[in-house]
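Notes follow the structure.
The values are calculated or read from the model by the stated rules, or taken from the named source; none is laboratory data. Computed from a predicted structure; not experimentally measured. When we count neighbours, we look across all protein chains shown, and the Cβ atoms used for this are built from the backbone with ideal geometry, even at glycine. Just so you know, the surface numbers come from the protein's heavy atoms only, side chains and all, with ligands and any DNA or RNA stripped out. Shrake-Rupley method; radii C 1.70, N 1.55, O 1.52, S 1.80 Å.
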Amino acid sequence: MEEVHTGNAAQVRLAFRCGYLGDGFFGSQVQPALRTVEGEFIRACLHLGLFSSHREARFLAAGRTDRGVHARGQVFAFSTAHADRAISALNRRLPPDFWTTGYAVVEPGFHPRHHAVSRTYRYYFGEPDLDAEAMDRAARIFCGVHDFSLFARVEGRDPVRKVLTSRVFLDQGLCVYEVSAESFLWHMVRYMASTLLMAGLGADGDEVILSRLAGDGRARLSPAPPEGLVLWDVAYAFPFF
């Protein structure tokens, strides 16, 4: 195990891959007096005595999810002097709508957001009788390097992102949009899903995608509802166990 030393106690840095149902949380980030994903995770760690302060433990997340958004592969990292206890007991202390699916011992300076290789989201469409083939054709337009200013809340960040894969497929009768990128902007996947829904309903989703990527924002667009979105995976250069 890689160890760091804080004071007299040997510390081990751990990364946990987690899943949760977003319906019961007010988003992922800690908010006073509200039930959040990070708040529940930190509470479980404090109950187990894994650390006395999440700030001193350098508790960090791979990214944030909005209220109603679910996760299959969110990643949290923290440092602790009780690694064995964390690995064996943490999953039992989390609430029923929150669970861990793997862990890794990582380098002392590991940051789950900065050290991620890629991220994958899935969006599940609940609408019936969508044209999955048209949606898939439209989804492939997003692949490559583009300016996503008109597909996100940019808020001063670089709007250029590299999309690695983008496809639509059927899963038990539902159309599912799966997209992987090195990183995403806020609400980016939900805006992309909105245009794909247009294509699935027979509208000019392809044209809207091409025009907005080219900087033409005349066509109105709202982000798809958060309930269909799942943070599917965050990839690193190491496996989880």
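In this structure, VAL75 does not satisfy being in a strand (DSSP E or B), out of contact with any helix residue (DSSP H, G or I) (no Cβ under 6 Å at 6 or more places or on another chain), at pLDDT below 95 and open to solvent by less than 60 Å² (accessible area, probe 1.4 Å).
Filtered by the rule that a residue be surrounded by fewer than 22 Cβ atoms within 10 Å (Cβ to Cβ), part of a strand (DSSP E or B) and either aliphatic (A, V, I, L, M) or modelled with pLDDT under 95 (or both), region 231-241 gives a lone residue, ALA235.
Number of residues in region 163-206 that are in contact (Cβ under 8 Å) with a residue 12 or more places away in the chain and either over 12 Å from PHE125 (Cα atoms) or hydroxyl-bearing (Ser, Thr, Tyr) (or both) equals 25.
If you filter region 49-67 down to residues that are open to solvent by 40 Å² or more (accessible area, probe 1.4 Å) and not small (Gly, Ala, Ser), you find that the one that is farthest from the chain's Cα centre (by Cα) is GLU56. Filtered by the rule that a residue be of a type in the set (A, V, I, L, M, F, W, C) and open to solvent by 70 Å² or more (accessible area, probe 1.4 Å), region 78-99 gives a lone residue, TRP99. For region 141-158, state whether one or more residues are farther than 19 Å from PRO226 by Cα, open to solvent by less than 50 Å² (accessible area, probe 1.4 Å) and of a type in the set (D, E, K, R). No: zero hits.
Can you find a residue in region 31-42 that is farther than 25 Å from SER183 by Cβ and in contact (Cβ under 8 Å) with a residue 40 or more places away in the chain? Looking for residues that are farther than 25 Å from SER183 by Cβ and in contact (Cβ under 8 Å) with a residue 40 or more places away in the chain, one finds at least one in region 31-42, hence yes.
Residues PHE26, PHE41: which one is modelled with pLDDT of 95 or more, open to solvent by less than 10 Å² (accessible area, probe 1.4 Å) and under 21 Å from GLY63 (Cα atoms)? Step through it out loud before you land on a result.
Values: PHE26 fails: open to solvent by less than 10 Å² (accessible area, probe 1.4 Å).
Result: PHE41 is the single residue among PHE26, PHE41 that is modelled with pLDDT of 95 or more, open to solvent by less than 10 Å² (accessible area, probe 1.4 Å) and under 21 Å from GLY63 (Cα atoms).
For beta carbons closer than 6 Å, sequence separation of 6+ or different chains, a first residue in region 44-58 that is in contact (Cβ under 8 Å) with a residue 24 or more places away in the chain and a second that is among the β-branched types (Val, Ile, Thr) and surrounded by 13 or more Cβ atoms within 10 Å (Cβ to Cβ), the qualifying pairs are LEU50/THR80; PHE51/THR80; HIS54/ILE42. Just one residue in the set ARG119, ARG161 is open to solvent by 30 Å² or more (accessible area, probe 1.4 Å) and either out of contact with any Phe, Trp or Tyr (no Cβ under 6 Å at 6 or more places or on another chain) or modelled with pLDDT of 95 or more (or both); that residue is ARG161.
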